[in-house]
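The values are calculated or read from the model by the stated rules, or taken from the named source; none is laboratory data. Worth saying up front: this structure is predicted, and the values here are computed from it rather than measured. Here the Cβ is made from the backbone with ideal geometry for all residues, glycine too, and neighbour counts use every protein chain on show.
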Amino acid sequence: MQIPVFIINGFLESGKTTFIKETLASEDFNDGSRSLVIACEDGEEEYNEKEMTALNVTVEMVEDAEELTKDFFVEASNRCKAERVFVEFNGMWKLDEFIDSLPNFMEVVQIITLVNAETYDMYLSNMRQVMMDQYKLTEMVIFNRCTKDSDRAAYRRSVKAVNTRAQVYFESSDGSSNEVNEILPFDISKDEIEIADEDFGLWYMDAMDNPDKYDNKIIKTKAVVYKPKQYAKKGMFAPGRFAMTCCVEDVRFIGFRCVCDDVTGKQLEGYRDRDFIMLTARAKSEFCKEYKGQGIVLYAMDIESASKPEDDLVYFN
């Protein structure tokens, strides 16, 4: 039987202990099942032994990442006959290495990253790479302790720049949740939308999050040609741009599936990978395996040569 593992990631004082305690006491989890909590750091909030015993929870403290071996997980789970595992992960450790160290009978079912909005800007300025690494594998990011001055839109973009599929939520200091409405630099009410060079990153994130918003819209944008081998015989290519998600050393290609007809297919033949084009295409919201779900598929209407932008990288702010 597979034991489900829930990983709660984040820096010290991001609210991980409180989050786990509240989750274990909730109706969904307070069902008598035996839970193992692996706490990888010791913060201000603590696990009360009496409360944990009442919830059928065993807590194991870990001070060093090297302690997290397969043998440790086997022994810890056997001691309490764990039916599920919660991990209060140390945000400074390597999450991918931790996941690789789990035994075969344990399966990660959810990764949630908690962020203290009060200290986020400081961490982003001083430890940007570590912060971005936390987002890469997470399914959900919760910014807590938000105030009226918290730049929710910028926080959301910083997550989506690394992981477009991550869900992002915001909680105020009183625990109430609230959403953010992104102000876009282009008019989505028009039937034809022209994307400026500097706005490609914002459009990409919004289109991946809200594909239905762009369904049947005509999109005109400057893009880099990329012809994956698997597209070669299908009359398709992947127009996109190279984006800087964290620093100059962390650049990746972002793009969309684009389908050509006979005319645009002929036009595409004149271009090689990394050539810049001006693409006019109709967007359709479709299920696509490349996106692992619903996303924008472009249907090329015209492909023209285009000059390289002054800055050929795109950004997410």
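A few comments on the model shown:
- Qualifying residue in the range 162-169 (condition: surrounded by fewer than 17 Cβ atoms within 10 Å (Cβ to Cβ), over 26 Å from Ile296 (Cα atoms) and not charged (D, E, K, R)): no
- Residue count for the range 198-226 under the criterion of being among the charged types (D, E, K, R), farther than 18 Å from Thr245 by Cβ and surrounded by fewer than 16 Cβ atoms within 10 Å (Cβ to Cβ): the result is 4.
- Unmet requirement for Met278, which otherwise passes all of (1) under 27 Å from the mean Cα position of the chain (by Cα); (2) not in a loop (DSSP other than H, G, I, E, B): (1)
- Strands (runs of 3 or more DSSP E) contained in the range 189-268 and holding at least 1 residues assigned by TED's automatic domain parsing to the domain that holds Lys289, of a type in the set (Phe, Trp, Tyr) and under 24 Å from the mean Cα position of the chain (by Cα): 240-244, 251-255
- The range 30-43 - residue that is within 28 Å of the chain's Cα centre (by Cα) and in contact (Cβ under 8 Å) with a residue 24 or more places away in the chain and, of those, surrounded by the fewest Cβ atoms within 10 Å (Cβ to Cβ): Gly43
- Residue within the range 56-63 that is in a loop (DSSP other than H, G, I, E, B), surrounded by fewer than 18 Cβ atoms within 10 Å (Cβ to Cβ), assigned by TED's automatic domain parsing to the domain that holds Met122 and among the hydrophobic types (A, V, I, L, M, F, W, C) present: no
- Which numbered condition Val297 fails, given (1) out of contact with any helix residue (DSSP H, G or I) (no Cβ under 8 Å at 6 or more places or on another chain); (2) part of a strand (DSSP E or B); (3) surrounded by fewer than 18 Cβ atoms within 10 Å (Cβ to Cβ): (3)
- Checked against the criterion of being modelled with pLDDT of 95 or more, surrounded by 18 or more Cβ atoms within 10 Å (Cβ to Cβ), among the aromatic types (Phe, Trp, Tyr) and under 19 Å from Met140 (Cβ atoms), the range 6-15 contains one or more residues that satisfy it.
- Residue count for the range 24-36, restricted to those that are within 23 Å of Phe72 (Cβ to Cβ) and either assigned to a helix (DSSP H, G or I) or modelled with pLDDT of 95 or more (or both): 4.
- Qualifying residue in the range 107-124 (condition: under 23 Å from Arg252 (Cβ atoms), touching a strand residue (DSSP E or B) at 6+ places or on another chain (Cβ under 8 Å) and of a type in the set (Gly, Ala, Ser)): no
- Only residues that are without any contact (Cβ under 8 Å) to a residue 40 or more places away in the chain, touching a helix residue (DSSP H, G or I) at 6+ places or on another chain (Cβ under 6 Å) and part of a helix (DSSP H, G or I) were counted across the range 152-167, and they come to 1.
- Selection within the range 13-52: residues that are touching a Gly at 6+ places or on another chain (Cβ under 8 Å) and hydroxyl-bearing (Ser, Thr, Tyr). The member of this set that is nearest to Leu114 (Cα to Cα) is Ser14.
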